[in-house]
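Notes follow once the structure below has been shown.
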Amino acid sequence: MLIFGSPYIGEEEVAEVVATLRSGWIGTGPKVKKFEEMFREYVGAKHAIAVNSCTAALHLSLLVSGVGPGDEVITTPMTFCATANAILHTGARPVFADVDEATMNIDPGQIQAAITPRTRAIVPVHLAGRPCDMERIERLARTFGLLVIEDAAHCIEGRFHGRKIGALSPLTCFSFYVTKNLVTGEGGMVTTEDDEFAARIKMYALHGLSADAWQRFSDKGYKHYQVVFPGFKYNMTDLQASLGIHQLPRLERFLARRNDIWRRYDEACCDLPIRTPAPPEPDTVHARHLYTIRIDPEECGKTRDQVMGELHERGIGTGVHYTALHLQPYYRERLGYREGDFPNAERIGCSTLSLPLSAKLTDQEVEAVIAALRSCVRVPVGA
Ligand SMILES: *Cc1c(COP(=O)(O)O)cnc(C)c1O
């Protein structure tokens with residue numbers, strides 16, 4: 001069975017985790033600091049603060065931005081539930097704006113239509129690794145006085161018009177969950193240019209203890225600390241960072257490998273009655289996180305779920321990114337959304353299917369995915 005999203009873990013990671021275990025220092029310590037520094041440098045941001053998930057990163061970014069009850073935050077319905085949940089956890093209301101059907105990213109025109117006097121922030125998601133139109137989103141943010149907090153869970157390697165994702169907006173959130181382009185088991189990062197945001201995120205992530213509390217994690221001797229905010233337990237540990245510091249230097253090489261797999265899928269699918277991903281926009285770097293195809297039963301003779309089931313029978317694990325979020329029971333009931341509210345996201349949500357794209361895949365495995373797909377999607381006569 002080809003497990004969907006199975007990450008590459010090298011012997012370096014294994015050795016580093018073992019060394020960390022033996023060091024006696026398995027909590028937040030020198031390896032987290034090293035990973036933060038490496039990530040900060042990779043992105044070119046002023047600050048990088050490691051946390052234990054992208055969900056935590058989003059929650060803290062929204063909180064330090066002052067988002068709270070009575071506020072609205074505009075985001076996409078074509079995302080993982082964590083994006084909207086983090087908004088709800090602040091007491092604010094997620095307001096969805098439909099996506100562009102080709103890019104699957106939030107449509108700036110729809111953002112503008114969703115702005116009200118209560119809107120405080122925009123949370124764009126760079127779906128599948130494709131950078132959103134940050135120029136138009138930044139322009140809207142300036143015009144309407146909104147903050148932009150990027151959900152870059154899929155887009156570690158991305159660039160928009162020469163600028164690195166993570167160095168564009170006041171706050172950018174990354175994920176190192178097991179299926180992402182860089183994995184630490186569980187983990188996340190916030191990057192920011194703002195000293196005040198950075199200091200508060202760090203403090204909120206560790207119980208709201210005063211800044212010098214982090215020095216508990218050094219060998220300078222016992223330090224008394226003060227509790228200045230009822231914070232959270234969102235810190236990353238050295239065990240997680242032990243993976244990150246060896247995954248990070250491989251990012252670009254692995255992106256090149258996923259680019260190769262991507263091209264092979266494009267080439268192998270071009271005669272099939274399915275829709276393949278749109279090419280990246282000019283002057284952007286697509287982080288190639290998910291290769292998503294669209295299955296239209298009218299054209300394929302099968303539903304998306306049938307194709308997924310048949311691929312599974314042939315040993316190929318796939319994913320769905322995503323069912324349109326506003327149709328999930330909680331958001332329907334709590335926020336009053338209905339079918340028909342975001343037609344583009346809904347059409348994508350019931351037809352999208354993600355093929356394996358891990359840099360770990362061998363050429364034979366890639367060919368096996370293609371063969372399995374070709375055997376269960378009807379190839380038109382004469383093709
Ligand atoms: C994975 C993911 C998250 C959540 O990341 P965690 O690190 O698992 O909390 C948030 N947004 C998107 C778009 C994701 O894919």
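Only one of (1) farther than 23 Å from residue 105 by Cα; (2) free of Cβ contacts under 8 Å to residues at least 12 places away in the same chain; (3) under 23 Å from the mean Cα position of the chain (by Cα) is not met by residue 279, so which one is it?
(1)
For the range 112-127, indicate whether the set of residues that are closer than 22 Å to residue 328 by Cβ, open to solvent by 10 Å² or more (accessible area, probe 1.4 Å) and either touching a residue at least 40 places away in the same chain (Cβ under 8 Å) or within 13 Å of the ligand (Cβ to nearest atom) (or both) is non-empty.
Yes: the range 112-127 contains one or more residues that are closer than 22 Å to residue 328 by Cβ, open to solvent by 10 Å² or more (accessible area, probe 1.4 Å) and either touching a residue at least 40 places away in the same chain (Cβ under 8 Å) or within 13 Å of the ligand (Cβ to nearest atom) (or both).
Considering the range 292-305 alone, what residues qualify as being open to solvent by 30 Å² or more (accessible area, probe 1.4 Å) and not basic (Lys, Arg)?
Passing the criteria: 296, 297, 298, 299, 301, 303, 305.
Can you name every residue in the range 331-361 that is open to solvent by 60 Å² or more (accessible area, probe 1.4 Å) and under 29 Å from residue 181 (Cα atoms)?
347, 350, 360
Within the range 184-214, can you find the residues that are out of contact with any Gly (no Cβ under 6 Å at 6 or more places or on another chain), crowded, with 17+ Cβ neighbours inside 10 Å and assigned to a helix (DSSP H, G or I)? Spell out how you get there, then give the answer.
Step one: filter the range 184-214 for residues out of contact with any Gly (no Cβ under 6 Å at 6 or more places or on another chain), giving 185-190, 192-203, 205-206, 209-214.
In the following step, the residues that additionally are crowded, with 17+ Cβ neighbours inside 10 Å were identified as 185-190, 192, 197-198, 200-203, 205-206, 209, 213-214.
Residues satisfying the conditions are 197, 198, 200, 201, 202, 203, 213, 214.
Of (1) open to solvent by less than 70 Å² (accessible area, probe 1.4 Å); (2) over 24 Å from residue 367 (Cα atoms); (3) part of a loop (DSSP other than H, G, I, E, B), residue 247 satisfies all except one. Which?
(3)
Does any residue of the range 276-291 turn out to be outside the structural domain of residue 181 (by TED's automatic domain parsing), farther than 30 Å from residue 161 by Cβ and open to solvent by less than 40 Å² (accessible area, probe 1.4 Å)?
Within the range 276-291 (the criterion being outside the structural domain of residue 181 (by TED's automatic domain parsing), farther than 30 Å from residue 161 by Cβ and open to solvent by less than 40 Å² (accessible area, probe 1.4 Å)), the answer is no, since none of the residues qualifies.
Taking residue 82, is it among the aliphatic types (A, V, I, L, M) and within 16 Å of the ligand (Cβ to nearest atom)?
Here the answer is yes, as residue 82 does meet what is asked.
Can you find, within the range 219-243, the residue that is least open to solvent (accessible area, probe 1.4 Å) among those that are assigned to a loop (DSSP other than H, G, I, E, B) and in contact (Cβ under 8 Å) with a residue 24 or more places away in the chain?
The qualifying residue least open to solvent (accessible area, probe 1.4 Å) is 236.
Among the residues of the range 1-39, what is the count of those that are farther than 30 Å from residue 362 by Cβ, open to solvent by 70 Å² or more (accessible area, probe 1.4 Å) and under 25 Å from the mean Cα position of the chain (by Cα)?
Of the residues in the range 1-39, 3 are farther than 30 Å from residue 362 by Cβ, open to solvent by 70 Å² or more (accessible area, probe 1.4 Å) and under 25 Å from the mean Cα position of the chain (by Cα).
Go through the range 287-383 and tell me which helices (runs of 4 or more DSSP H), entirely inside it, have 1 or more residues that are under 23 Å from residue 257 (Cβ atoms) and in contact with a Gly (Cβ under 9 Å, 6 or more places away or on another chain).
304-313, 363-376
In the range 159-175, what count of residues is obtained for those that are within 16 Å of the ligand (Cβ to nearest atom), out of contact with any helix residue (DSSP H, G or I) (no Cβ under 6 Å at 6 or more places or on another chain) and in a loop (DSSP other than H, G, I, E, B)?
2
The values are calculated or read from the model by the stated rules, or taken from the named source; none is laboratory data. Note that the structure is a prediction, hence the values are computed from the model and not measured. In this analysis, Cβ positions are derived from the backbone assuming ideal geometry, glycine residues included, and neighbour counts consider all displayed protein chains. For the accessible areas, the whole protein counts, side chains as well, though only heavy atoms, and no ligand, DNA or RNA atoms are used. Shrake-Rupley method; radii C 1.70, N 1.55, O 1.52, S 1.80 Å.
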